[in-house]
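Notes for the one structure printed next.
The values are calculated or read from the model by the stated rules, or taken from the named source; none is laboratory data. None of these values were measured; they are calculated from a predicted model. Because the Cβ atoms are built from the backbone with ideal geometry, glycine has one as well, and the counts that use them run over all protein chains shown. Note: areas computed on protein heavy atoms with side chains; ligands, DNA, RNA excluded. Shrake-Rupley method; radii C 1.70, N 1.55, O 1.52, S 1.80 Å.
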Amino acid sequence: MRISAVLMFAVLASACTHRLPEVSYDPSAFKPANAIIESAPKPIAPEIAVGTMMGPVLPPPTANTRESSSPKARVALANRSALREPTAKDYLNAIQVYPYAQNALYRLYTAPGQVSDVVLEPGETLSAISAGDTVRWSVGDTSSGSGLSKQVHVMVKPFAADLKTNLVILTDKHTYHLDLQSTDRLAMAAVSWNYPDQGLIASKQDQEPQSDEPLSIDKGVALESLKFRYAIGGDTPSWRPIRAFDDGRKVYIEFPSQIDQQQAPPLFVVGESGDSELVNYRVRGNYYVVDRLFAVAELRLGAGQQQHVRISRMDEPKSRHAATSLFTAAKP
C-alpha cells in the first residue's frame, strides 16, 4: 500500500511540472473583416411616348362588330332594347298590365278572328291613333264608363296570321308605342298599364290642405237641370244627409262637412217589392254621386240596432213612394 501511494504521488508531481509548448503569432497578420452592404437596385421606369394607348389590346373587328356599326343594326338594337314582352307576374287575370315607361315599345300578340283590347288610363282623352298597316289590320276605338271613370279602349284585330305592324296611340297624358304581331290562334285578351306617378299624385293630394273654395261635385252638371225633389226621413244620426238632388241622370247626396271624420254609411236602393240592394256610388268630398236615378233609397249604419235614413223621390206615385223597408218603416 505504501509503494502504490508513492508511485501515484510521483505521477501527479510529474504531470504538474509538464508545460505546453508556446505558440508564436504575428498580430499584423490579422485584419478586421469589412462589412459588405449591397444597396437595393433602382427601379427602371419604362419610357412611354406621349399619345401611346394603354390597356388590353382588342381583337381585330369581326363581321358582327362591323355590322353593329351600321345604321340599320343600331336601329334594330334600339328596338330590341326598348321592347317589353308579356311576363307572367304582370298578368291580372287575362289582362297583361305593363309598367308604363316613356318611349318604351310594348308587344301585343293577336290572332285572326279575335279582338285584343288596349285599355288606357281612366280620364285620358284620345288625341290620335295611327297604325302602320290599315289594310290587313282592323283598328278602332270606343270607351267605357262615364265622368271621371271614363276609359278609352282601342280594339285591334288582324285579318291573317304571321303579320307584323306597329301602332301609335296619342292622348292628353301619354304616348303609347305598340309592336303588333299576329299568330295563328294565340292572342292576348287585353293590355293596360300601371303608371309610376299614380301613387305619388294621390299621396300629394292627401297631404295638401283643403281649399276654402267649394268642391266641384262632378263634370258636366248643368245647374238648370238640377231637381231638388227628394225627402229625407228616418233617424237623425250625425251623418244624416242635408239634401239630395239629381240632374236627370245621377243623384247627388250631400252630407255634413264632417262626414270624412267618421264612418260613412253604405247606400241601398229599395225596389217596388221592398227588396233592397247595394248600389254603386262615388264619394266626392262630402257628396255621394250615384250613377243612376232611384225612387227610394236607404242609408244604414251600425251593428245590431242600426240607424236608418230614408231618401225618397217626391214625384213618384204613392204606391212606389210608400214602399216599405226590409228593416223599418220610414219615419216622418
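Using a probe radius of 1.4 Å on heavy atoms only, what accessible surface per residue do you get for the range 230-277? Whole Å² is fine.
About 47 Å² of surface per residue is accessible.
Any idea of the accessible area per residue across the range 82-208, 1.4 Å probe, to the nearest Å²? Walk me through the numbers on the way to the answer.
Details: 6930 Å² over 127 residues.
Roughly 55 Å² per residue, with all protein chains present.
A Förster distance of 25 Å, applied to the separation of the beta-carbon atoms of ALA76 and ASP133, puts the FRET efficiency at 0.80. The share of accessible area on the range 228-288 that comes from carbon and sulfur is 44 percent, using a 1.4 angstrom probe.
Dimensions of the range 243-291 based on its C-alpha atoms, expressed as ranges along the principal axes with the largest first, amount to 35, 25, 17 Å. Spread over its residues, the convex hull of the C-alpha atoms of the range 99-146 is 127 Å³ per residue.
Tell me, what is the Rg over Rh of the range 77-161, with Rh the Kirkwood radius over Cα pairs? Numbers along the way, then the final one.
On the way: Rg = 14.1 Å, Rh = 14.6 Å.
Using Cα coordinates only, the ratio equals 0.96.
Computed from phi, the 3J(HN,Hα) profile of the range 112-121 under the Karplus parametrisation 6.51, -1.76, 1.60 (θ = phi - 60°) reads x, x, 10, 9, 9, 9, 9, 9, 8, 5 Hz, with x in place of Gly and Pro.
Note on ASP291/SER238: beta-carbon distance plugged into 1/(1 + (r/R0)^6) with R0 of 35 Å gives a FRET efficiency of 0.85. For LEU108, the shell of other residues with beta-carbons less than 12 Å away shows a net charge of +1, using +1 for Lys and Arg and -1 for Asp and Glu. When the alpha-carbon atoms of the range 222-269 are used, the pair Rg, Dmax equals 12.0, 33 angstrom. Share of carbon and sulfur in the accessible area of the range 102-159 stands at 47%, probe radius 1.4 Å.
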